[in-house]
Amino acid sequence: MLYNYSTILEEELSQDNPLFWNRPTPVNCLTIRTIGIFEFLAAFCGMILNGALVCSFIRYKELRTPPNIFIMFLSFVGLLATCGMPLSSLSSINCQWLFNRGGCQFEAIVAFLYGCASAYLLCAVSIGRCYIIVRPFNAKDVTVSLF
């Protein structure tokens, strides 16, 4: 589809105006749709796989060892992060944002929290692994029994 984007970009719409959120994307729609389809597939796979991992951690108590606790939290955070992905993928498939300002803010908060939580959890995993490598005989003093 070809649009005349000069008229779209020259409008002085504030973010409070509902028309601001209904403007079409200023790039090629076929590219955006392809990205939206792949993002939707990634969200679907993330929900299924992270959900299965969280269910297995809940069902089998033997898996709840101190090193696996970080992995359990990573999969739980990943499961929560896939809640925001369908918003952007459906909007990408339609080549315009569908969920107004509230949906945009919800997706931004989910993406921010997922990024921060993943970075902090991966940092904790790396510190734990580093401590095991550097001081292997003192590693048992670091872990705490949660259950």
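Observations
- Here is the figure for the stretch 1-30: residues that are part of a helix (DSSP H, G or I), at pLDDT 70 or above, surrounded by fewer than 12 Cβ atoms within 10 Å (Cβ to Cβ) and not hydrophobic (A, V, I, L, M, F, W, C) total 1.
- Pairs, first among the small types (Gly, Ala, Ser) in the stretch 92-103, second in a helix (DSSP H, G or I), C-beta under 7 Å, six or more apart: SER92/ILE32; SER92/ARG33; SER92/ILE35; SER92/GLY36; SER92/GLU39; GLY103/LEU87
- Members of the stretch 128-144 that are at pLDDT 75 or above and surrounded by 11 or more Cβ atoms within 10 Å (Cβ to Cβ): GLY128, ARG129, TYR131, ILE132, ARG135
- ILE109 meets all of the listed conditions (1) within 25 Å of PRO24 (Cα to Cα); (2) in contact with a helix residue (DSSP H, G or I) (Cβ under 8 Å, 6 or more places away or on another chain); (3) at pLDDT 90 or above but one, namely (2).
- Scope the stretch 53-74; condition touching a Ser or Thr at 6+ places or on another chain (Cβ under 9 Å) and either closer than 17 Å to LEU121 by Cα or of a type in the set (Phe, Trp, Tyr) (or both); matching residues: LEU53, VAL54, PHE57, THR65, PRO66, PRO67, LEU74
- Evaluated against (1) over 25 Å from LEU41 (Cα atoms); (2) among the acidic types (Asp, Glu); (3) surrounded by 12 or more Cβ atoms within 10 Å (Cβ to Cβ), GLU107 falls short on exactly one condition, (1).
The values are calculated or read from the model by the stated rules, or taken from the named source; none is laboratory data. All of these numbers come straight from a predicted model, not from anything done at the bench. Because the Cβ atoms are built from the backbone with ideal geometry, glycine has one as well, and the counts that use them run over all protein chains shown.
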